[in-house]
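Before any comments, here is the structure.
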Amino acid sequence: MLMYKNSLNNKLNGPGKILTYYLYFTLAFFIIAPFEVYYINYLKTILYSIFSWLLFAIGYFKSKNYKTDKKINKIISINTNQLVFLLSIIIIILNLSYILSLGYSLNLTNIINSLRDFGEAYFSKWEIAKDLQFSKNISVQIYTITASINLLNVPIGILNWNKLRSLTKIVLSFSMFMRMILGYLTGTLINIFVVIIEVIICIYALFMLDILPKKKKIIMIYFIFVLLLIFVILGTKAMIDRADYLGWAPWQGLQRWYYNPNNILTPILGNKISFGLNSFLWYFGHGYEGLGQCLELPFVWTYGIGHSRALMEYADQYLGWSWILDRHYLWRNYKVTGRHPLMYWPTALVWIAADVTFIGVFIVLFWIGRFTKRLWLEILERGNPISLALFIRLVILIIFLPMNMQIFQGRIMWWGSIGIILFWLINKKVLLIFR
């Protein structure tokens, strides 16, 4: 009994340790990165960040290992193979229609050019994608509202992989590829990153549920490593392509006030690749600059919607609340420092603070840590793919804490997050049996 309890505790604490180490790593990189930051109190920013991540860790590790809710009102049996096949087909159709809305005629040459050049794709197709969310394009509206389908399919499919037929596995894999290709075509990494994280967390869950045999575990470890390596390579290439598109080469004397080319990576990788890799890693750390600047500003309440750019856009579009931006930390900071609120990230802490103050952020982080552990316990006890889908969403939130409030940022992300939360709440009372 004692051995089982120790084993459960080790499995429960695993995600908390990984995420806490990651959060402090981003802070460490912010301190040593070869990029200049401006208008911040370094000590105040670092101490606030240290305490923030500590509150998350306390919330995770000090919460009790309580039993999950056993009150089930209804049980529904689902044919997993049919469900995953249907969801995958829907996802393929939705992503294809969205790609066509971007102006792609599915001309192979145009698509290949976008895949080769993240810079051109980012600065042209991404602008189209950004504008489309405000349009009345029916394909875009359907894609936005049904975003949670994308997030459900991978956990259900991978957690029940052995129950799927070969054709369903192929269609599921292709649906994941379609989601990633949208990121390629718009030069953004978020679509690619989300799919990679979903797959990695699902494989990790299979490890902890002891579903995988030993030989497959070794293969999956290598597979996870390859996925992470691919993401780093793509991220580095994206940063290089964007700089090339803008004609920005700091190692040649252009804007050297911002980036120091004389860093530890340059002698090893050369000027261009070291710049790309440093810029990619800087994505995970540059938000602390925005945090430090906003810490100096007074609190002005944003009526409970300041944590989400999507909600503020909806309020502006349908209620005429254009003034809401003037109350937000980021837009007020823009007037003081010139740091663009949408071009540079400010950490998720600033978005949260717009609704609850910077002191209130500590309480929110404590409960995020606590809820993360609760979801992970549900997964370990039931192998529940719905809980896993919400857990993945929460992990993405935590990964982006040093960067941005990503899961509630754009309209697609907001609808996806709300949909997953609703599915999880329904699943609390209606147990789904995947056969």
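Every number in this text was worked out from the coordinates using simple rules, so none of it is lab data. Just so we're clear, the structure is a prediction, and the values are computed from it rather than from any experiment. All Cβ positions, even for glycine, are placed from backbone atoms using ideal geometry, and neighbour counts span all protein chains on display.
Within a 10 angstrom radius of the beta carbon, how do Cys202, Cys294 rank from fewest other beta carbons to most? Don't skip to the end; give the middle numbers.
Working: Cys202 21, Cys294 26.
Ordered from fewest to most neighbouring Cβ atoms within 10 Å, Cys202, Cys294 come out as Cys202, Cys294.
Which of Leu83, Leu159, Leu349 comes first, and how do the rest follow, when ranked by fewest Cβ neighbours within 10 Å?
In increasing order of surrounding Cβ atoms, one gets Leu83, Leu159, Leu349.
Which entries in Lys216/Lys272; Lys163/Lys237; Lys163/Lys216; Lys62/Lys169; Lys169/Lys214 show an alpha-carbon gap greater than 28 Å? Kindly include the intermediate steps, with their values, before the conclusion.
Details: Lys216/Lys272 38 Å; Lys163/Lys237 38 Å; Lys163/Lys216 17 Å; Lys62/Lys169 40 Å; Lys169/Lys214 22 Å.
As for pairs spanning more than 28 Å Cα to Cα, those are Lys216/Lys272; Lys163/Lys237; Lys62/Lys169.
In debye, nearest 20: dipole of region 161-289 around its Cα centre with unit charges on the Cβ of K, R (+) and D, E (-)?
Details: 12 positive and 5 negative charges, 129 e Å.
Using Cβ point charges on Lys, Arg, Asp and Glu, region 161-289 gives about 620 debye.
Once the piece of chain linking Val300 and Asn262 is laid out straight, how much longer is it, given 0.36 nm per residue of separation minus the C-alpha distance between them?
Here the answer is 9.6 nm.
Which listed residue (Phe358, Gly419, Val395) has the Cα farthest towards the positive end of the charge dipole for region 356-435, taking +1 on Lys and Arg C-beta and -1 on Asp and Glu C-beta about the Cα centre?
Among Phe358, Gly419, Val395, the one farthest towards the positive end of the dipole of region 356-435 is Gly419.
With the contact rule set at Cα under 8 Å and sequence spacing of 6 or more, what percent relative contact order holds for region 200-342? Please report the intermediate quantities before stating the final value.
Values: 80 pairs, mean separation 22.0, N = 143.
Dividing the mean separation by the residue count of region 200-342 yields 15 percent.
Give the order of Asp244, Asp326 when sorted by the count of other beta carbons within 10 angstrom, beginning with the fewest.
Asp326, Asp244
Using a 10 Å cut-off on Cβ atoms, rank the peptides 398-407, 17-26 from the highest mean neighbour count down.
398-407, 17-26
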